[in-house]
Amino acid sequence: MTTANALAAFLTQHGLEQYAQVMRDQDLTLDDLRDLTEADLRELGLTIGHRKQLRRALDTAPDEALAQRRQVTIFFCDLVGSTQISARYDAEDMSDILERYHAHAASVIRSWGGMPLGTQGDGVVACFGYPKASENDAERAVSAALEISQSLQELQFGDGLILNSRIGLETGRVFVRGPVSDSSALVGDTLNTAARLQDEAPANTVVVGKNTHSLIRNLADLDNLGDRHLRGFDQPVTIWQVNGMRDVSERDNAQDNGVIDLLGREADFDQLRGLWDSAKGGAGQVLMLSGGAGIGKSTLLKAFRRHVRAEGAQTFRYFCAPGYENSALYPIRAQLAHLTGLRGPIDAEDIAPKIMARVGDDPTAVRLVADLLALDPGEALPPLDMTAIEQKQATYGFLMQVVAQEASKAPLLMVVEDAHWADPSTLELLHVIVEQVIAPLPILLIVTQRPEGEVTLAPAAHVSTLALDRLDRTESLKLIAAVMGNSPCPPEILHKILEASDGIPLYLEELSRSVMDHPGSASGNFADVDVPITLEDSLMARIDRLPQGKSVVQTAAVFGRRFATPTLRTVLEMDEAPFASALVEPVKARILLPEKDAQSQTMQFRHALVQQAAYGRLARKQRQQLHAKIVALLLEHQPTLAETEPETLARHHAGAKQYGEAINFLILAGKKAAARAAQVEATNHYLTALDHLEHLPEGRARDEQEVLLRALLGAALMATRGFAAPEVYDAFARARALCLSLGDNVMYCSCLYGLFTVAASRSDRDEAMALAREMLDGFGECPVPSWAIAAHFAMGVAQTFAGELDNAAGSFDAALALYTPEQHGPLVEQFGDDLAEFSMCYMVWIHTMRGEIDQSRDLIAKAIEMASELNNKNALTRSTSFQMGRMMEMGLLDEVAKTAPRVIEISTLQGYPYWACAGRIGLGFTMASGGDEAGLPHIAESLAFFDMIGQRTPQTYWRSYLVAALTALGRPDEAVTAADEALEMSRSGLDCAFEPNLLWRRGQALRSLDLAAAEASLREGMAVGAKIGSHYYAFLCALELAELLIADGRRDAENGALAAAMARISSSEPIPALTRAAEVLRDL
C-alpha cells in the first residue's frame, strides 16, 4: 500500500476519513501521525473529540504501516532496596515516592531527547533513537543515566530518605510493532540485555553492554567489569561501568578513527603545511576544510596538530556540537570552561581566582568570562554597567584580544570543528576574527564542516578552501589491510566492503571491524555486509530529519542504490507535484544524487550504506510487498532487464520470497560476471543463490540446481581463493557426489576438472593423475569441444608438473587444436577459465625449460594478445604474470622491476590474491638481487600465503626465488636450507619439474660454503635436467659449474659440458646467461 493510501485507509478505518485530504495537502504520511502535537491537530482542523479519537486509534490499533525496524539505545533504571523502602512506608506514601522518582527520571530522559516507555514495578524504561534517530543517541542516553544516578540521591524527602539506583543500557536493533505507548511495542533482545545489565550494576552506577560501549568508548571514562553470566543468556557478556562523560575537548585525545593517519591524504597534508609555513611567516591564513561525515577531517587534523606541536606551536580548539545550534557561543564557553577548570559544581569564591589564573586580574575581563560561563562570582566582582549590546561587543573584543596576545607569543593554530553545528553568535564572531584579526598575525585558522551545512566567508586573499575526497580503491585496500591485520578476508567480502564504504575512511574501518567480528567472515559464509551498529544512528539521523521525503527515501531504498524516478512514483502511487516536492528534500540533504545527464530520470543514493540503513528500517512484510510490486513493474516495462541486469531482478524476486525465480536470475548474473572474468561478483551471485536454495522443497530438481551452482561456484572460487583452497574442493566434492547420486549430469566434467585442479595444486600426485586420466578417458574424444579441451588440458598440467615435458606439450597442443573463439564462453562458464590461453601459458613454461627461448617469447605475446582481445581479466592477469616469470628466468631484472608492480596492481584490483603474490615474489626477487633486504618479506609473506591456502604447486618454482634472494643478500646458509626444503617438496609430490632449477640455485648458494657440495648439486641438476628435457636449467647448471671450476683452477674438469648444454638453447634474445656463457667458453 502506498504512503498516501495507507494514511487514507487508516483514517477511514477509524471514522476520520474527512481529514485525509487536508493531511495529504500538508504532505503528511501515516508515519508522521505519531509526531503531531495537539497544536498541529488543531491547525489541521480536528475537533477535540476527533483529536482524542485519533490518539486512541494510534494507541490501540497498531497498523502494519507503522511497524518498523530501528536501532535504539534501551535504558533500564531500578531502585536499590525498593523492597526495604516499601516495608518502611505506608502504601500511599510509597506511591508518592515512586511517583516523584518516576516523574523525575522521565523529566531527565526527555531533557536528553529520550522517550520514556513507562515503568516496570519500581523500574523506569526508556529508549533513545525513536521516533527519530540522532547521531549521538547512545551518548545522550548515557548522559541521562549519569544525571539520574546522581540527581536521584539529591531528591529531598521529609524523613531523609535517599534513593539509590542502578542503571543498565544497551544499543541494538528492535522491531517496533506499531505506535509506542510503552515498552511492549518494542520487541528484541536489546530490551532483555539492558534489563539484565542493570541487575549487574553496583548501587548508584551506570553499566553498558558491548554495543553501547562501542559507541561511547571515546566519549566516556569506562571501567571494564569483565564477563558476567546474565540470567537467561547462554554466553557470558562483557559489561563496562561508566564513570562519567569526558569533556568535549578531551575526547579527541583518546579518539583514533584513523589507523593510518595520512593514508591517501598526503597532498592534503602538504597543503596544510604550506599554509602553516605562510602563517608562521606572519601572513595569517584561514582554511575552510570540508567533507562529509567520516571522510577523515578529524584524522587529518590530528596528524597536523602533531606536526605543529612538534614545532612548539600553540593550539586553540573549539568544538561545535549537535543540540547546541541555538546555544550562544557554545564552543567558546566549552573551551573556556575547560581551560579555567570551571566545570560542574563550584563554590562562588573559587570562580574569580580560577578565571584570573587564565586571563589575568583585569576585573572587567574576569567578569566578562564569568558572565559568559553563566557563573556568579559574588560580591567580589559586581555586574558590569553595560547594556546587553555593549557587553556583547566587549566580550567579542576581549576574545579577539586573547587570540592576538597568544599569537604574539608563538605561532597559533586555531581549529573550529564541525561548524555546520555552530550557533549564530559563534558564526558572527568567527566572521569578525577572520576579517579583523587573522591576516597580519602568525595564525592558521582551520574551520571544518560538512557540505550540507557549509559556512561561507567573504572572499579574501588569506582565505582558502579544501574539500576532502574519498579514498581510491588502492588506498581503501591499504586501510582495510591495516584494520584487519592478519585476519583473513575472502575477496568476495572484500568486494562488498569496498562497494558499501564508497571510499569513506570511517565506513571502511567500521565495516572491516564488523566483518572481523562476524564468525562466518573468514570462510566467506557471510551473506551481506550489514550496517555496523557504530554507523547506523548517524546514517538514519539524516533520513529522520526529512519531514516529507523520509517515506520516499525508504521506498527508494528497496530498489537498491540506483532507481528510476518514474518507477518509484508508480510504486508510491503519488501525483507528480507532491512526488517532485518530496524528492527535493533528500537531494538538498545530499542523500540522493540525480544523474548528471539532465534528461535522465534516474537517481542514486550518494552512499551505499545510507541506502542499506534506510532499507533495514522497513519491516519484512513491507519489504516483501514492495519487492513484489517492483519486480512486476520491471518485468512489464523493462523486459530487456533480464538480459542486462539479471541480478536486479534476482534481488527483487528474493525480496518477494520468489526464490525459484531469484535463483535462475542469479545463475544468469553469475555466468555473465564470469564471462567478464569478474569472478568476485560471480562468487557472490552463486553464494546468494545457494542461500536461496534452502527455501526450495527437497527433490531432484533442487539437487540438479545445486550441482550447477556448486560447480559454477568452485570455478569462480579458483580465481578468488586459490586453486587449492578448501572451499574449492568442498564445492566440487559436493557437486560430484550429487552428480553420482543423480546419475548422468552435464556438470560431471566440470566437477572432475575442479577436483583435479585442487589435487594438482595440493601436489597430490596419485589423485591428480587419476583424475586427469578419468577426464581424458571419459571426455578426451567426446563431441563437446569444451569438455575435450578440459580433459587434454588437465592431463597436460599433470604431465608438466610431473616433469613429462614432451608429453605435456602434446596434451596442450591437442587442447589448442580443439579450440575456436566460440569455445571461450563455454570454457569460462563450465570451468571458470579460458583453457586455451591457460594452455599457452603452460607451453611458455615448457618451451622455456626445453631451451626454446624464442618460442616461449612468441607464445607469451600471443597469450597476452588473446587475453586482451577476449577482455578476460583473469586471463590477462595470469598471462602477464607468466610473462614476468619468463623475464625472471631469463635474468631480465630491469624488465621484471617494471612488470611486477603491474602484476600486483591488476591482481589486487581484480581480487586475485594468488597472482598478486606472484607479483610480490617478482618484486622481492628484483629488490633482493640489488641488495635490498626489504625485498625478502615480499617473498616470504607470499610463500606464507600459499602455505595458508594449501597451494603446493608450483611452490618449488616460487621457492627457488627465495633461495636466489637469500644468496644475493649474502645469507647462503639460509639459502641452502630453503633449497633443501623445496627439494623435499619436489621429490615427495607432483611438483618435480623444477628440480633442476632448485639444484642450480642450491649450487649457487653452496659455492661460498662447500665447493664440493656445490659441484655435486650442479652436476645433479645437469643430469636431472637432461633426463626430463629441461635443457635450459641444465644449461644454467653447466654455466655455474664451469665458472666454479675456472675459479677453482680446474678448467680441464669442465670437459665441454657447457658447450654441449649451450647448443641445446635456441634464442635470438640477448639473455645475460648466454652472454656470460659465451665469455666463459672463450676463456676456456
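The values are calculated or read from the model by the stated rules, or taken from the named source; none is laboratory data. This is a predicted model, so every value here is computed, not measured. FYI the Cβ positions are ideal-geometry reconstructions off the backbone, even for glycines, and counts take in every protein chain you see.
Residue by residue, here is whether (1) assigned by TED's automatic domain parsing to the domain that holds ASP32; (2) under 33 Å from the mean Cα position of the chain (by Cα); (3) modelled with pLDDT of 90 or more holds:
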| site | (1), (2), (3) |
| --- | --- |
| THR73 | no, yes, yes |
| CYS77 | no, no, yes |
| SER82 | no, no, no |
| SER86 | no, no, no |
| ASP90 | no, no, no |
| GLU99 | no, no, yes |
| HIS104 | no, no, yes |
| SER107 | no, no, yes |
| GLY121 | no, no, no |
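Entry remark, segment 276-311: residues being farther than 24 Å from SER408 by Cα and either surrounded by fewer than 17 Cβ atoms within 10 Å (Cβ to Cβ) or not basic (Lys, Arg) (or both) number 12 in total.
Of the residues making up segment 726-756, those that are over 18 Å from ALA794 (Cβ atoms) and in contact (Cβ under 8 Å) with a residue 24 or more places away in the chain number 7.
In the set (1) in contact (Cβ under 8 Å) with a residue 40 or more places away in the chain; (2) touching a helix residue (DSSP H, G or I) at 6+ places or on another chain (Cβ under 6 Å); (3) not in a helix (DSSP H, G or I), the condition left unmet by LEU696 is number (1).
Residue by residue, here is whether (1) in contact with a strand residue (DSSP E or B) (Cβ under 8 Å, 6 or more places away or on another chain); (2) surrounded by 13 or more Cβ atoms within 10 Å (Cβ to Cβ) holds:
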| site | (1), (2) |
| --- | --- |
| LEU336 | no, yes |
| LEU342 | no, yes |
| ALA352 | no, yes |
| ASP361 | no, no |
| VAL402 | no, yes |
| GLU406 | yes, yes |
| ALA410 | yes, no |
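Conditions (1) closer than 17 Å to GLU681 by Cα; (2) polar (S, T, N, Q), marked per residue:
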| site | (1), (2) |
| --- | --- |
| LEU713 | yes, no |
| THR720 | yes, yes |
| LEU738 | no, no |
| VAL746 | no, no |
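The set of residues from segment 173-198 being without any contact (Cβ under 8 Å) to a residue 60 or more places away in the chain and acidic (Asp, Glu) comprises just one member, ASP189. If you filter segment 531-546 down to residues that are in a helix (DSSP H, G or I) and among the β-branched types (Val, Ile, Thr), you find that the one that is surrounded by the most Cβ atoms within 10 Å (Cβ to Cβ) is ILE543. One residue is enough: does segment 933-953 have a residue meeting the conditions on the phi < 0 side of the Ramachandran plot, among the small types (Gly, Ala, Ser), crowded, with 20+ Cβ neighbours inside 10 Å and more than 27 Å from the chain's Cα centre (by Cα)? Yes, there is a match, as at least one residue in segment 933-953 is on the phi < 0 side of the Ramachandran plot, among the small types (Gly, Ala, Ser), crowded, with 20+ Cβ neighbours inside 10 Å and more than 27 Å from the chain's Cα centre (by Cα).
Whether a residue is within 19 Å of GLY294 (Cβ to Cβ), at pLDDT 85 or above and not in a helix (DSSP H, G or I) was assessed, and LEU593 passes this test. Annotation: of all residues in segment 353-390 being at pLDDT 85 or above, among the acidic types (Asp, Glu) and assigned to a helix (DSSP H, G or I), the one that is farthest from ALA439 (Cα to Cα) is ASP371. Please count how many residues of segment 582-611 are within 24 Å of the chain's Cα centre (by Cα) and exposed (fewer than 14 other Cβ atoms within 10 Å of the Cβ). The qualifying residues number 0. Any residue at all in segment 819-839 that's closer than 30 Å to VAL963 by Cβ, of a type in the set (A, V, I, L, M, F, W, C) and touching a Phe, Trp or Tyr at 6+ places or on another chain (Cβ under 8 Å)? Looking for residues that are closer than 30 Å to VAL963 by Cβ, of a type in the set (A, V, I, L, M, F, W, C) and touching a Phe, Trp or Tyr at 6+ places or on another chain (Cβ under 8 Å), one finds at least one in segment 819-839, hence yes. Can you find, within segment 689-705, the residue that is nearest to VAL746 (Cα to Cα) among those that are surrounded by 14 or more Cβ atoms within 10 Å (Cβ to Cβ) and of a type in the set (Asp, Glu)? Out of the qualifying residues, it is GLU704. Against the conditions (1) outside any loop (DSSP other than H, G, I, E, B); (2) closer than 20 Å to ASN807 by Cα, ALA1012 satisfies every one except (2). Across segment 778-809, the qualifying residues are those that are in contact (Cβ under 8 Å) with a residue 60 or more places away in the chain and buried (at least 23 other Cβ atoms within 10 Å of the Cβ), and the one among them that is nearest to PHE756 (Cα to Cα) is ALA798.
Here LEU609 passes the criteria (1) on the phi < 0 side of the Ramachandran plot; (2) of a type in the set (A, V, I, L, M); (3) outside any helix (DSSP H, G or I) except the one numbered (3). Checking each residue in segment 171-203 for being out of contact with any Gly (no Cβ under 8 Å at 6 or more places or on another chain) and either in a strand (DSSP E or B) or under 21 Å from PRO116 (Cβ atoms) (or both) picks out VAL176, ARG177, GLY178, PRO179, VAL180, SER184, LEU186, VAL187, LEU191. Just one residue in the set ALA614, ALA654 is closer than 24 Å to ASP544 by Cα and either buried (at least 18 other Cβ atoms within 10 Å of the Cβ) or in contact with a helix residue (DSSP H, G or I) (Cβ under 8 Å, 6 or more places away or on another chain) (or both); that residue is ALA614.
Taken over segment 967-997, the criterion of being assigned to a helix (DSSP H, G or I) and touching a Phe, Trp or Tyr at 6+ places or on another chain (Cβ under 9 Å) is satisfied by ALA968, ALA982, SER986, GLU995, PRO996, ASN997. Are there any pairs, at least 6 apart or on different chains, whose C-beta atoms fall under 8 Å, with the first in segment 863-890 and free of Cβ contacts under 8 Å to residues at least 12 places away in the same chain and the second in a helix (DSSP H, G or I), and if so, which? Going by the 8 Å Cβ cut-off, the qualifying pairs are SER868/LEU876. The residues in segment 1021-1080 that are touching a Phe, Trp or Tyr at 6+ places or on another chain (Cβ under 6 Å), closer than 26 Å to ASP1010 by Cα and in a loop (DSSP other than H, G, I, E, B) can be counted, and the count is 0. When you scan segment 894-901, do you find a residue that is under 21 Å from LYS478 (Cβ atoms) and either surrounded by fewer than 24 Cβ atoms within 10 Å (Cβ to Cβ) or not β-branched (Val, Ile, Thr) (or both), even just one? The answer is yes; a qualifying residue exists. Looking across VAL125, VAL208, one residue alone is at pLDDT 90 or above, buried (at least 16 other Cβ atoms within 10 Å of the Cβ) and closer than 22 Å to ARG34 by Cβ. It is VAL125. If you go through segment 810-825 and keep only what is exposed (fewer than 15 other Cβ atoms within 10 Å of the Cβ) and more than 16 Å from LEU859 (Cα to Cα), you end up with THR820, PRO821, GLU822.
Taking the conditions (1) more than 29 Å from ALA541 (Cβ to Cβ); (2) part of a helix (DSSP H, G or I); (3) modelled with pLDDT of 80 or more in turn, ALA39 satisfies each one other than (1).
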